[in-house]
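Peer 1: Here it is: the structure, laid out below.
Only the coordinates and a few stated rules stand behind these numbers; no lab work does. All figures in this text were calculated on a predicted structure; none of them were measured in a lab. Counting neighbours? That spans all protein chains shown, and the Cβs are built from the backbone with ideal geometry, glycine included.
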Amino acid sequence: MRAVIFDLDGTLVDSVYAHVFAWQRVLAEADIHIDGWKIHRLIGMSGGLLTKAAAREIGRELAEADAEALQTRHGTVYKELLPVRRPLPGAIELLRHLRETRIAHGIATSGKREDVKPSLAALHVPGDIIVVDQSDVERAKPEPDLFLACQSRLNVRPEECYVVGDAVWDLLAARRAGMLGVGLLSGGYGEEELARAGAYRVYQDPADLLSAIYQLGLRAS
């Protein structure tokens, strides 16, 4: 295997539950009252899919304009709740290890470009790291577009890539892209859930993955 593609929220940065709370507030403002645990199960989808799925929970259909407005409002509330991003344990060291060992890697996130900038800054990644976000593709997870776009920019074949993610949506998208999934528990999903969604291996967090990185059989480009 020659490359690793990372999800961002819940995989490298401790931000999943801030997203949950932000979505819960924003949806409630639109009179869409959803339990937090149900929102958590939708994190990792694109914002458009998430808002429509949440509305269907109470039997409503959202127009595209309304879904877009909720996404914009979510970005504002999310920044209020989590103005400073915190890397998950071992995330900075894991990315540094891949750079130093010349293993191709990139980040593919369902977040919007402006929303992910503080997270990238918290990870201390170089400016030339390959990052694909929602604005770069037509369809976000669970569709495979984000991972395929990142793989193409890494100049490797899909079957040469691992996808590391914390949600079932990451692993479903990886399978659709023809890539091997690796699950992390740091986003709140259980080991069995991630394995059922297609995870080849499951680790606690980036630090745990780094300690066992030899298990992935990665080679330099």
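Peer 1: Which of the GluC sites (Glu not before Pro) found in region 1-64 are in a DSSP loop and have at most 16 neighbouring Cβ atoms, other than their own, within 10 Å?
Peer 2: In loop regions of region 1-64 (DSSP not H, G, I, E or B), the sparsely surrounded GluC sites (Glu not before Pro) are E61.
Peer 1: Which trypsin sites (Lys or Arg not before Pro) from region 1-70 combine a DSSP loop assignment with at most 13 other Cβ atoms within 10 Å?
Peer 2: R60
Peer 1: Just from its helices, what would the mean residue ellipticity at 222 nm be for the chain, if runs of 4 or more DSSP H residues each count -39500 (n - 2.57) and the sum is divided by every residue, rounded to the nearest 500 deg cm²/dmol?
Peer 2: -13500 deg cm²/dmol
Peer 1: Multiply the residue gap between K117 and E93 by 0.36 nm, knock off their C-alpha separation, and tell me the result in nm, one decimal place.
Peer 2: 6.7 nm
Peer 1: While we're here: So what are the ³J(HN,Hα) numbers for region 200-206, from phi and the Karplus equation (6.51, -1.76, 1.60; θ = phi - 60°), rounded to whole Hz, Gly and Pro as x?
Peer 2: In residue order, the calculated couplings are 5, 9, 10, 10, 5, 6, x Hz.
Peer 1: Right, another one. Run through all the Cα pairs of region 100-217 and give the fraction in each 10 Å bin from 0, expressed as whole percent.
Peer 2: Going from the shortest bin to the longest, the percentages are 14, 45, 38, 3.
Peer 1: If you don't mind, another one. For region 16-81, with equal point scatterers placed on the C-alpha atoms only and solvent neglected, what are the log10 I(q)/I(0) values from the Debye formula at q = 0.18, 0.22, 0.28 1/Å, to two decimals?
Peer 2: Log10 I(q)/I(0), no solvent term: -0.54, -0.83, -1.45.
Peer 1: Would you kindly derive the ³J(HN,Hα) couplings of region 157-167 from the backbone phi angles with the Karplus curve 6.51 cos²θ - 1.76 cosθ + 1.60 (θ = phi - 60°), listing them in order in whole Hz, with x for Gly and Pro?
Peer 2: 7, x, 6, 9, 10, 9, 10, 10, x, 10, 10
Peer 1: According to the Cα gyration tensor, what semi-axes, each the square root of 5 times an eigenvalue, does the equivalent ellipsoid of the chain have, listed from largest to smallest in whole Å?
Peer 2: After scaling each eigenvalue by five and taking roots: 29, 17, 16 Å.
Peer 1: Continuing with the same structure: Using alpha carbons only, how many degrees (0 to 90, rounded to 10) separate the axis of helix 145-154 from the longest principal axis of the chain?
Peer 2: 30 degrees
Peer 1: If you don't mind, there's one more thing I want to ask. Can you give me the relative contact order of the chain as a percent, contacts being Cα pairs under 8 Å and 6 or more apart?
Peer 2: 27 percent
Peer 1: Could you state the angle between the C-alpha long axis of helix 168-177 and the longest principal axis of the C-alpha atoms of the chain, as a value from 0 to 90 degrees rounded to the nearest 10?
Peer 2: 60 degrees
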